[in-house]
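Here's the structure we're looking at; comments come further down.
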Amino acid sequence: MMAEEAALPSYSEAISADWLPIVAPYVPAKYYAVLCLVSRRWYEEFAPRLWRDPLRTSRELGLDPNDDLDWYTSFFFNHLSYGGKDLNSSSSFTGSTPMTWGTSSTTTITTGKSIPRPPRSDGDGFKATAKGAKANTGVGGAGPTVRETTRNMVLSTDFRQFATDTCDFRSDDNDRSVSKSLSLYPRTFPNLRCILLDGHADVDPTCLAQAQTHHQSTRVCTTTGNTRSADRGITESRHSSMFDNFGRRTCSSGSSGSSSSSDTVIARSRIRGWRDGDALLDLPGGGAVGHASGASDTHLHTDSGQSRAGPALLSLSCHPVHLPTKFFHSTYLHCLVYLDLSHIPGSLRASIQSHSLSPAQLPHLRILKVRDREMDDTTLSLLAGSFMSRLWSLDICDNRLSDAALDSLVGCSFSPVSKRTSVHFGVEGMLQVPQTLTGPELGLGSDTHGPFRFLVESEYSGTFSHPERYLADAPVYSSQDRANEESGPYQIPDGGTQGMGAAASSRADGLHPIKDDSVDHVKLIFEDAAFSPTGDSIASLHLRDSSTGLTHLYLSGNLGLTCRGLERLLLAHPGTLQRLECDMLAFQPRGGETAILPPSVRFLPVPATWPRTARILGVMGAAYAFRPAVCSDLRELRVHHSLVTQTPTLEGISCSQLARLWLAENVIAPRVEMAYPGGSWLPDMNSRTERLTLAYIPRRSSGRVIHTICRLVKMASEQEGSIRECESGKRRGVPVLKGLRYLRLEFEPNPGGDTSTVEEDDLDAGELLNLKEDEFSFFEDENKLPSSFTHKRGRGGSTSSGSLTPTATGESVEGDSISLASPPEPLGTKLKHYPYSQAQPDRYLEYPSTYQGNHFKVLVWIGDGVMGPHPAVNEYMRRVQDRQMRTVVGPVSPLHVKAGAPAGSYIFHSAWDAMVYPPTKLAVPDTADLRRMLDTLAGIKAYRRRTGMMLEDMEMKAARDTGVGKGKVKLGEPHYHWSGKIEVVLSSDVSNREYWRR
């Protein structure tokens, strides 16, 4: 680990007597070999760093990528393994002439150019001898030249950046191929923990399944004494030089003579020309020279049991060949904790049905990544039913899943214990199960909506203004803690402090980092754990914890999933999710009891004027489901930008991309705001969420997207200021949440064709900051449409050139139906169609519902049928007259209540969601409107520059007036500069990404 990657030491670590572990992470890898010669203590610190991942070390020491495969085969089969047949073959990959630098113990160096002779002194005993064209590998014929204690330091083989630009043409030489080496890993690297073969098409991972596991496994620790007898039979050199100055020379060990280790020390100390990082000296006794016998020695102890029988991490992502069905029947893979099978051809159904990919073969598996594996609802149901709640991280992105698949996760993969509680009702509100319906009191819901849940608000929760909203949860104790008082509270690594006997239902406190399931982090954990005194670490043990069920879930790229399906998942799960990704979800009304239809089929009850192939994508009307009352532990979220901007993404419309952006922002977004007023996610909605990623942000905007993102940053600044005030005025010992600290903005490619002529310098950041809400509000005039929404029609009713032509025509519906394209009725007008056809209609309609085999009736609120002051209610009542839209029943959310629906009531969600779709035909906007669209990124940068300059001016003024200096200016108002990190990802295409950080 380089200096920039290492965390700064704590005060107690900095003043400790053993300072070497503090300095070691900052030392470049090229100095490791030299530092191993200083003493045994330094050897114990730097030898594991040099050997833990030979492939990564070779790259850091300068191995040319073109020589990767040649170096690997020579390194593995000539020096490490028992499996090489032609062990005396040339180890040179430069076609060079070997030279021997000799003492009583011979070391052969192959070089492509002349090597300067090291300085000589009296009695140095060195001589340079040309040995001809063939290198003497010094293997001795039958075994590895590297001692077992050194090979046990190899913990990872990471091929991700190794030999990626070359192909292994040794496919016919099965005895010296990379695939062959995999089958020899158990014997060659007994302590290997991580294997990463991502994207290597020429490597056959099935060789891992053929590997045989040792009866005993090993771990690294330190004891005293000389070399164990098991190591003495291994042919070794006083200078076992495996890592070389790559591309120039190779150091190979020769047979050991009669010289002592002290002779080697003297010889090495006199080679002043020895290049740093050329070799690791694998000396007798396992340490560097210069210490007497009895000093500490790094070697292995054997542990019985299965926990150390094989690798814990295996990544095979992007392998081009389908894996055999019984691939995981190998005992060598029995202890996997992390498994990545993403982007591999073929389905996993056969492996699951044959119980190969199951807890029977992988009892320790906790992190599973299966992106782009042709997974459908049935396969996911089998997977969830097999592993149940053993997995805590599941990546199922880019598959063929629909909303029905999420029900399988809720029923099997989450913890049975809910994290939700009424303790925080005053601050956050509370999710409540209805108990007053006619029929059974348990299992209330519908097959189309899911379980019924109401979010009950307190006096402060609806406005997110409770004075204690930034305070972290207090430790939770149970009656069993009395017997454990001496032990003190137990610190949960993923956040939260509990007593040893605390109830399992207590949620994390929101202060500590959550578990990181990234491959690099997991790899680092298992590497560090292998060298701990017990062979494990708290972090590695926590990775194996299976009591929590799913806490990390990745759903992006499943086009069959909908916004309402996600909302249903969040309401039904026990509140345990800590990290969630769902970047591209379809928004559409749920149409009756029918299954999910393909995108080519028009979803009912979408208006008939809506193009058949058009789709609205986004997460609208679901912001309340990300609040702590629902998602109690949510800390990291990656989601479509519409969660904040209320502006969806349009697809399948026959017009330019720029025109689609304009339509989404000026036609669809006002209707979304009408249906779900105040539906944008805000930082104070969940102060426990620290990292937010907004995906698929358009590069061009008419102003709404820029305004809403700038407002998000502004409110993050206000939250930051409020948290700072809370910290200064809080009671002693009460921790405070961090709030939103990281914002990542992922932009879509810049649309081609028409582009805006407005540059960043032309934008008025003050206008972006001071935009009024009603400038984008639908409520200013519910009948008002953008000036360029419609075009003049030509003869015969055909649209003018360039306008959209819907592919779906209006079709009559049997029974009661209405024309939504007709102008809205004036205020006070009474609707005439059913269910408002009676003289005095009831505000509620009795509707039969079925959920999990239970049949009951629900009183659904439909309004009085009279046009009133609430535009959303008026649109809802108009659509309720259509029988197709009286299908999906569910409880109202806080957003429905804000729009005018009664709290605690039930509505037809299909009718409410349908108001997002415009009742009239879409038309292409004017060219002038498209040219006035702004660069979204330029607008955000202009706003950030303006707030940063305001903060600097205020800091300078404070320094002049009070002499206090920078850093003492109050956060938030009036400058609104947010000190959190914003990362912007600009994507011109899938493979080309640019980054801007501020």
| field | So Pro598, is it modelled with pLDDT under 85 and either part of a strand (DSSP E or B) or not hydrophobic (A, V, I, L, M, F, W, C) (or both) | value | yes
| Where residues in segment 657-705 are in contact with a His (Cβ under 9 Å, 6 or more places away or on another chain) and closer than 22 Å to Glu746 by Cα, which of them is surrounded by the fewest Cβ atoms within 10 Å (Cβ to Cβ)? | Tyr696
| request: Name every residue in segment 370-401 that is buried (at least 21 other Cβ atoms within 10 Å of the Cβ), in contact (Cβ under 8 Å) with a residue 60 or more places away in the chain and farther than 21 Å from Leu316 by Cβ, in order of residue number. | output: Leu401
| Top-ranked residue in segment 49-72 [being open to solvent by less than 10 Å² (accessible area, probe 1.4 Å) and of a type outside the set (Phe, Trp, Tyr); ranked as nearest to Ser156 (Cα to Cα)] | Asp53
| said: Looking at the structure I just gave you, is Ser39 of a type in the set (Gly, Ala, Ser), surrounded by 13 or more Cβ atoms within 10 Å (Cβ to Cβ) and at pLDDT 90 or above? | reply: yes
| note | Filtering segment 409-423 down to residues that are in contact with a helix residue (DSSP H, G or I) (Cβ under 9 Å, 6 or more places away or on another chain) and open to solvent by 20 Å² or more (accessible area, probe 1.4 Å) yields Val410, Gly411, Cys412
| request: Would you mind finding the one in Glu727, Glu720, Glu673 that is among the acidic types (Asp, Glu) and free of Cβ contacts under 8 Å to residues at least 12 places away in the same chain? | output: Glu727
| said: For segment 638-656, give me each residue that is within 17 Å of the chain's Cα centre (by Cα) and open to solvent by 10 Å² or more (accessible area, probe 1.4 Å). | reply: Arg638
| field | Among the residues listed as Thr693, Thr708, the single one being out of contact with any Leu (no Cβ under 9 Å at 6 or more places or on another chain) and at pLDDT 95 or above | value | Thr708
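Rundown of residues vs (1) of a type in the set (Val, Ile, Thr); (2) touching a His at 6+ places or on another chain (Cβ under 8 Å); (3) in a strand (DSSP E or B), yes/no style:
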position	(1), (2), (3)
Leu365	no, no, no
Leu368	no, no, yes
Asp372	no, yes, no
Leu380	no, no, no
Leu394	no, yes, yes
Asp407	no, no, no
Pro416	no, no, no
Ser422	no, no, no
| remark: Of (1) open to solvent by less than 20 Å² (accessible area, probe 1.4 Å); (2) touching a strand residue (DSSP E or B) at 6+ places or on another chain (Cβ under 7 Å); (3) at pLDDT below 90, Val860 fails just (3)
| strands (runs of 3 or more DSSP E) enclosed by segment 623-727 - at least 1 residues per element that are closer than 25 Å to Ala923 by Cα | 649-651, 691-697
| message | List the helices (runs of 4 or more DSSP H) inside segment 862-950, counting only whole elements, that have at least 3 residues being under 26 Å from Tyr851 (Cα atoms). | response | 871-880, 894-899, 909-914
| query | Would it be correct to say that Asp165 is open to solvent by 50 Å² or more (accessible area, probe 1.4 Å), at pLDDT 85 or above, in a loop (DSSP other than H, G, I, E, B) and farther than 18 Å from Asp53 by Cβ? | reply | no
| query | Out of segment 868-877, which residues are touching a residue at least 40 places away in the same chain (Cβ under 8 Å), touching a helix residue (DSSP H, G or I) at 6+ places or on another chain (Cβ under 9 Å) and surrounded by 20 or more Cβ atoms within 10 Å (Cβ to Cβ)? | reply | Pro871, Ala872, Glu875, Met877
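The values are calculated or read from the model by the stated rules, or taken from the named source; none is laboratory data. Keep in mind the model is a prediction, meaning the values are calculated, not measured. Cβ: placed from backbone, ideal geometry, glycine included. Neighbour counts: every protein chain shown. SASA here: full protein model, heavy atoms, side chains in, ligands and nucleic acids out. Shrake-Rupley method; radii C 1.70, N 1.55, O 1.52, S 1.80 Å.
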